[in-house]
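The values are calculated or read from the model by the stated rules, or taken from the named source; none is laboratory data. Owing to the predicted nature of the structure, the values given are computational and were not obtained by experimental measurement. Glycine also receives a Cβ, built like all others from the backbone with ideal geometry; neighbour counts cover every protein chain displayed. When the accessible area is computed, the model is the full protein with side chains, heavy atoms only, and any ligands, DNA or RNA have been set aside. Shrake-Rupley method; radii C 1.70, N 1.55, O 1.52, S 1.80 Å.
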Amino acid sequence: MGRSSAIVVAAGKGERMGGGVKKQFRPLKGRPVLHWALAAIEAAPSIEEIVVVTGASDVAAVAADVKGKFSKVTRVVAGGETRQESVARGLEALGPGTQWVVVHDGARPLVEPALVERVLAAAKESGAATAAVKVKDTIKLVDQYGQVERTLERSRLWAVQTPQAFSRELLERAHAWGKGKQVTDDCGLVEAMGHPVTVVEGSERNLKLTTQEDLAILEALAANGEAQERVPVTGFGLDVHRLAPGRELVLGGVRIPHPLGLSGHSDADVLTHAIMDALLGAAGLGDIGQHFPDTDPAYRGASSLKLLEKVRELVVTAGAQIVHVDAFVSAEAPRLSPYIPDMRRNLAQAMGIGVEWVSIKAGTSEGMGPVGRGEAIEARAVATLMRPSPRFVPSSRDQQAIPAF
Ligand code: CTP
Ligand code: MG
């Protein structure tokens with residue numbers, strides 16, 4: 001599907017905020033606003049590269065500051081006079097393999113990785129998408145004399161935010177076309193060219209720091225986010241495949257020399273399959289059969305590690321965070337312990353967690369049952385995810401139960 005990159009624009013002067021430290025570098029709960037934005041973009045699994053655009057005089061300091069903190073940041077470049085020019089500088093700095101681009105304001109610290117994923121997924125369908133929220137106030141058009149001209153239909157009004165996502169080719173074309181035209185957001189350019197833009201429901205928390213008052217609101221929202229209880233949830237997965245001649249034996253993405261391999265539609269990597277089911281179970285997202293049906297030719301011989309990366313995207317998009325996985329492989333032969341370090345490394349990388357958070361154990365069945373007779377290999381896994389507490393995310397049944405006042 002091509003590589004996805006993000007451009008985080010933080011080259012503004014913050015004039016509406018007043019003097020002092022530029023707003024993107026102001027502390028929010030003790031961390032610079034820009035760090036919050038970068039941490040959220042970095043946690044979106046689909047994003048492989050981040051280009052930060054900042055004021056020419058801030059490039060060196062920002063580059064030194066992000067180093068070692070944000071591993072996906074590849075370049076820090078100087079922006080221009082307008083936001084549009086800054087995005088254009090960011091586009092020029094993208095790596096050659098990038099096919100999809102997410103643009104985000106460095107002044108929107110409380111964006112969530114799940115929103116980045118949702119906007120990107122929508123752009124992959126239509127070419128362009130933006131986060132936006134429904135307008136709460138009634139909006140009126142007012143003429144130059146301060147008289148109301150008319151009232152706009154509120155149900156169709158949306159306040160646009162970032163992230164915005166595009167096919168790189170479309171965004172480059174829009175910027176070339178819109179050079180010199182004044183548009184406040186990238187979707188504005190794409191729209192003006194007549195290209196459709198999909199709206200994805202954003203969040204009220206994803207506020208842009210614009211004035212002093214916003215800083216107080218963001219402090220409160222950030223504190224509220226920390227107070228929102230997250231709870232560990234456990235999921236369980238199990239898979240078993242038959243051993244057969246003429247097949248490769250792949251476990252945890254490691255090719256293991258053995259006269260027999262596992263038969264199945266994909267690479268039949270039982271260990272990775274058990275882990276995927278444990279993750280989906282903990283996130284409340286069903287099972288692998290539902291997401292990757294073996295009737296779909298797309299998954300014939302598919303690398304299960306690639307499917308695990310997809311599962312990670314689904315889990316993050318659902319607002320959950322992978323914490324830990326523990327798995328057990330039952331196999332009579334071969335001896336698996338020499339391969340376990342490589343399995344752990346592969347699996348940890350696909351899930352975006354540290355290798356110390358992935359545990360793999362192996363054992364035999366002492367000659368008993370199909371595993372013991374060397375006819376099959378079985379894997380079991382438990383996964384721990386952090387999810388917002390059910391107290392903060394009422395189920396549809398709870399919502400019905402709330403009495404009307
Ligand atoms: N931005 C940018 N380059 C510019 C102008 C804006 O990269 N020449 C960035 C800002 O740093 C911010 C985002 O675009 O992250 C949204 O812009 P805005 O809220 O208007 O920020 P400022 O231009 O800094 O603020 P102001 O308009 O009040 O001066
Ligand atoms: Mg501005």
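Please indicate, with yes or no, whether at least one residue in segment 126-134 is modelled with pLDDT of 95 or more, in contact with a Pro (Cβ under 6 Å, 6 or more places away or on another chain), closer than 16 Å to ILE50 by Cβ and aliphatic (A, V, I, L, M). Even if it seems obvious, please write down each step before you answer.
Keep residues of segment 126-134 that are modelled with pLDDT of 95 or more, which gives 126-134.
Now narrow it down to the ones that are in contact with a Pro (Cβ under 6 Å, 6 or more places away or on another chain): 126, 131.
Subsequent filtering for residues that are closer than 16 Å to ILE50 by Cβ retains none.
No, there is no match, as no residue in segment 126-134 is modelled with pLDDT of 95 or more, in contact with a Pro (Cβ under 6 Å, 6 or more places away or on another chain), closer than 16 Å to ILE50 by Cβ and aliphatic (A, V, I, L, M).
Run down GLY80, GLY18, GLY106, GLY12 and say which single residue is within 15 Å of ligand 1 (Cβ to nearest atom), over 21 Å from LEU221 (Cα atoms) and either surrounded by 19 or more Cβ atoms within 10 Å (Cβ to Cβ) or among the acidic types (Asp, Glu) (or both). Walk me through how you get there before you give the answer.
Details: GLY80 fails: either surrounded by 19 or more Cβ atoms within 10 Å (Cβ to Cβ) or among the acidic types (Asp, Glu) (or both); GLY18 fails: either surrounded by 19 or more Cβ atoms within 10 Å (Cβ to Cβ) or among the acidic types (Asp, Glu) (or both); GLY106 fails: over 21 Å from LEU221 (Cα atoms).
Going through GLY80, GLY18, GLY106, GLY12 in turn, just one is within 15 Å of ligand 1 (Cβ to nearest atom), over 21 Å from LEU221 (Cα atoms) and either surrounded by 19 or more Cβ atoms within 10 Å (Cβ to Cβ) or among the acidic types (Asp, Glu) (or both): GLY12.
Would you please list the contacts, defined by Cβ atoms under 6 Å and residues six or more apart or on different chains, that run from a residue in segment 350-368 that is in the same structural domain as PRO338 (by TED's automatic domain parsing) to a residue that is part of a loop (DSSP other than H, G, I, E, B) and surrounded by 12 or more Cβ atoms within 10 Å (Cβ to Cβ)?
Short answer, once both residue conditions are applied: GLY352/PRO45; ALA362/LEU336; THR364/GLU332.
Could you identify the single residue in GLN164, GLN147 that is surrounded by 15 or more Cβ atoms within 10 Å (Cβ to Cβ) and at pLDDT 95 or above?
Details: GLN147 fails: surrounded by 15 or more Cβ atoms within 10 Å (Cβ to Cβ).
Among GLN164, GLN147, only GLN164 is surrounded by 15 or more Cβ atoms within 10 Å (Cβ to Cβ) and at pLDDT 95 or above.
Return the total of residues in segment 15-29 being part of a loop (DSSP other than H, G, I, E, B) and either away from ligand 2 (no atom under 14 Å from the Cβ) or more than 15 Å from ALA56 (Cα to Cα) (or both). First the steps, then the outcome.
Keep residues of segment 15-29 that are part of a loop (DSSP other than H, G, I, E, B), which gives 18-22, 26, 29.
Pick out the ones that are also either away from ligand 2 (no atom under 14 Å from the Cβ) or more than 15 Å from ALA56 (Cα to Cα) (or both) and you get 18-21, 26, 29.
Matching residues across segment 15-29 total 6.
Only one of (1) closer than 24 Å to SER337 by Cβ; (2) open to solvent by less than 10 Å² (accessible area, probe 1.4 Å) fails for GLY235. Which number is that?
The number of the failed condition is (1).
Output the residues belonging to segment 77-86 that are outside any helix (DSSP H, G or I) and either within 16 Å of ligand 2 (Cβ to nearest atom) or touching a Cys at 6+ places or on another chain (Cβ under 6 Å) (or both). Spell out how you get there, then give the answer.
Let us first name the residues in segment 77-86 that are outside any helix (DSSP H, G or I), namely 77-82.
Within segment 77-86, GLY79, GLY80, GLU81, THR82 meet the criteria.
Identify, by number, the condition in (1) of a type in the set (S, T, N, Q); (2) under 19 Å from PRO259 (Cβ atoms); (3) surrounded by fewer than 19 Cβ atoms within 10 Å (Cβ to Cβ) that SER330 doesn't meet.
(3)
Residues being open to solvent by less than 70 Å² (accessible area, probe 1.4 Å), out of contact with any Phe, Trp or Tyr (no Cβ under 9 Å at 6 or more places or on another chain) and of a type in the set (Val, Ile, Thr): count how many of those fall in segment 131-144.
First, the residues of segment 131-144 that are open to solvent by less than 70 Å² (accessible area, probe 1.4 Å): 131-133, 135, 139, 141, 143.
Retained after the next criterion (residues that are out of contact with any Phe, Trp or Tyr (no Cβ under 9 Å at 6 or more places or on another chain)): 131, 139, 141, 143.
Checking the rest, the ones that are also of a type in the set (Val, Ile, Thr) come to 139.
Of the residues in that region, 1 qualify.
Can you confirm whether segment 263-277 contains a residue that is open to solvent by 20 Å² or more (accessible area, probe 1.4 Å) and within 23 Å of the chain's Cα centre (by Cα)? Before you say what the answer is, go through the steps one by one.
Pass one, segment 263-277, residues open to solvent by 20 Å² or more (accessible area, probe 1.4 Å): 263-265, 267, 277.
Filter once more, so that each one left must be within 23 Å of the chain's Cα centre (by Cα): 277.
For segment 263-277, residues open to solvent by 20 Å² or more (accessible area, probe 1.4 Å) and within 23 Å of the chain's Cα centre (by Cα): present.
Enumerate the pairs (first residue in segment 195-209 and more than 16 Å from ligand 2 (Cβ to nearest atom); second residue anywhere and open to solvent by 50 Å² or more (accessible area, probe 1.4 Å) and outside any strand (DSSP E or B)) with beta-carbon separation below 6 Å, excluding pairs fewer than 6 apart on the same chain, so at least 6 apart or on different chains.
Filtered contacts from segment 195-209: VAL197/GLU191; VAL200/ARG118.
Of all the helices (runs of 4 or more DSSP H) wholly in segment 162-245, which have at least 2 residues that are in contact with a Gly (Cβ under 7 Å, 6 or more places away or on another chain) and not assigned by TED's automatic domain parsing to the domain that holds GLY12? Don't jump to the end; show me each part of the working.
Values: elements: 168-177, 186-192, 212-227.
No helices (runs of 4 or more DSSP H) qualify here.
Mind listing whichever residues of segment 21-55 are within 11 Å of ligand 1 (Cβ to nearest atom) and open to solvent by 20 Å² or more (accessible area, probe 1.4 Å)? Step through it out loud before you land on a result.
Keep residues of segment 21-55 that are within 11 Å of ligand 1 (Cβ to nearest atom), which gives 22-25, 33-34, 37, 52-55.
Across segment 21-55, the qualifying residues are LYS22, LYS23, PHE25.
Any chance you could count how many residues in segment 43-76 are in a loop (DSSP other than H, G, I, E, B) and among the hydrophobic types (A, V, I, L, M, F, W, C)?
3
Among the residues of segment 169-208, write down those that are more than 17 Å from VAL135 (Cβ to Cβ) and surrounded by fewer than 16 Cβ atoms within 10 Å (Cβ to Cβ).
GLU169, ALA176, TRP177, LYS179, GLY180, LYS181, GLN182, ALA192, MET193, GLY194, PRO196
When you look at ALA282, is it within 21 Å of LEU314 (Cβ to Cβ) and in contact (Cβ under 8 Å) with a residue 24 or more places away in the chain, yes or no? Write out each step before concluding.
On the way: within 21 Å of LEU314 (Cβ to Cβ): yes; in contact (Cβ under 8 Å) with a residue 24 or more places away in the chain: yes.
Answer is yes for this residue.
From GLY225, GLY253, grab the single residue that is touching a helix residue (DSSP H, G or I) at 6+ places or on another chain (Cβ under 6 Å), touching a residue at least 40 places away in the same chain (Cβ under 8 Å) and closer than 30 Å to VAL323 by Cα.
Values: GLY225 fails: touching a helix residue (DSSP H, G or I) at 6+ places or on another chain (Cβ under 6 Å).
Among GLY225, GLY253, only GLY253 is touching a helix residue (DSSP H, G or I) at 6+ places or on another chain (Cβ under 6 Å), touching a residue at least 40 places away in the same chain (Cβ under 8 Å) and closer than 30 Å to VAL323 by Cα.
If we scan segment 61-76, do we find a residue that is over 30 Å from SER126 (Cβ atoms), modelled with pLDDT of 95 or more, acidic (Asp, Glu) and within 16 Å of ligand 2 (Cβ to nearest atom)?
Scanning segment 61-76, I find no residue that is over 30 Å from SER126 (Cβ atoms), modelled with pLDDT of 95 or more, acidic (Asp, Glu) and within 16 Å of ligand 2 (Cβ to nearest atom), so the answer is no.
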